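J.: This is the structure, below, for whatever I ask next.
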Amino acid sequence: MLAAAGTLGYGVEFARALPLHELGAIVTKPLTLRPRGGSPPPRLAETPSGMLNAVGLQNIGLDAFLSDKLPALRAHRVPVIVSLLGESPEEAAQMAASIERADGAAAIELNLSCPNIRHGAHAGAPPGFVWTAAQDAEATEAYVRAAVSSTRKPVIAKLSPDVTDLVPIAQAAERAGAAALTIGNTFAAMSIDAATRRSRLGAMTGGLSGPAIRALAVYRVWYTARSVRLPIIGLGGVVRAEDAVEFFLAGATAVAVGTATFADPKAPVRVLRGLARCLARHGMTSIQQLRGALVS
């Protein structure tokens, strides 16, 4: 069980709230090369069975993370997957090279799919238009190949669920040398206050997460797993152990908990312990006995 990127901060903030060492890994808050201020408030809005966020990748920047946060994380005996977002393939390569030299990073998750920012070839797009590298197979391949060429650590490509067809994009990441895929991220969305006629988010649009997207995410894992050989980390709306089981049955190798931690910081560990009880009830010894076991 993993803690998904962006929901446990840099990890160290939650060390007193849950036993980090019980987790399979922590994926850090996404990092950019330089510090980023993020989006104007409000940044969060509740929706039916979900949540909208437009944090805008506020973060301290890669160098500050490596010097201030990563050393503290090493003391908690939990694998750390560093989430990176480069503004170009060249910047992704530069950041991956920095992680290669870092002590304490187990892997890199290359965030190609954040719906809160525009970057790359479409940086000049009109307001409200959301484009990410993971919406284009060629761009995905370029970013992943650049990062992989700069490190020996596993590179996990985090793909967008907000595409017409995930398979060619996942296959592009596989060709480029990705070690695994994360499927997926939030869905670009919007909520408007009818009384004020204003968006409930300062950035107008944001990313929808939570139980509202779980069925969509499970489908994308199932659909993609049949066409690639890479391990898949499934996420989207996991609140209970039974939710995680859905992802395993669909073909995921691992599952991450994200938005649920806003209501319950211990959610990743609670789901993990629930999975152990679920296996025991069914006489299973490994979660991999569930992987891809969907009955057609």
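Quick note: the coordinates plus some simple rules give every number you see, no bench work behind them. Keep in mind that what you see is a predicted model, and the values were worked out from it rather than measured. Quick reminder, even Gly has a Cβ in these numbers, built from the backbone with ideal geometry, and neighbours come from all protein chains shown.
J.: Within the range 181-225, which residues have the backbone N less than 14 Å from the label spot 7 Å out from SER49 along Cα→beta-carbon, could you tell me?
T.: 209-219
J.: Any idea what the dipole of the chain comes to, in debye rounded to 20, about its Cα centre with Lys/Arg Cβ at +1 and Asp/Glu Cβ at -1?
T.: 660
J.: Where a Cα-Cα gap under 18 Å defines reach, which lysines qualify for LYS266, not counting those fewer than 8 residues away within the same chain?
T.: LYS29
J.: Rounded to two decimal places and with Rh computed the Kirkwood way over Cα pairs, what is Rg over Rh for the chain?
T.: Reported Rg/Rh (Cα atoms, Kirkwood Rh): 0.94.
J.: Taking a ≥ b ≥ c as the square roots of the Cα gyration tensor eigenvalues, with a/c under 1.5 meaning rounded and otherwise prolate when a/b beats b/c, else oblate, which class fits the range 51-111?
T.: oblate
J.: On alpha carbon coordinates alone, what is the Rg over Rh value for the range 1-109, Rh being the Kirkwood radius?
T.: Result for the range 1-109 is an Rg/Rh of 0.98.
J.: I need the shape label for the range 140-296. Rule: rounded when a/c is under 1.5, else prolate if a/b > b/c, else oblate, with a, b, c from the alpha carbon gyration tensor.
T.: Oblate is the answer for the range 140-296, as a/c is 1.5 or above yet b/c matches or exceeds a/b.
J.: Restrict the search to the range 194-296; then list the trypsin sites (Lys or Arg not before Pro) that DSSP places in a loop and that have at most 13 other Cβ atoms within 10 Å of their Cβ.
T.: Listed in order of number, the matching sites are ARG197, ARG226, ARG229.
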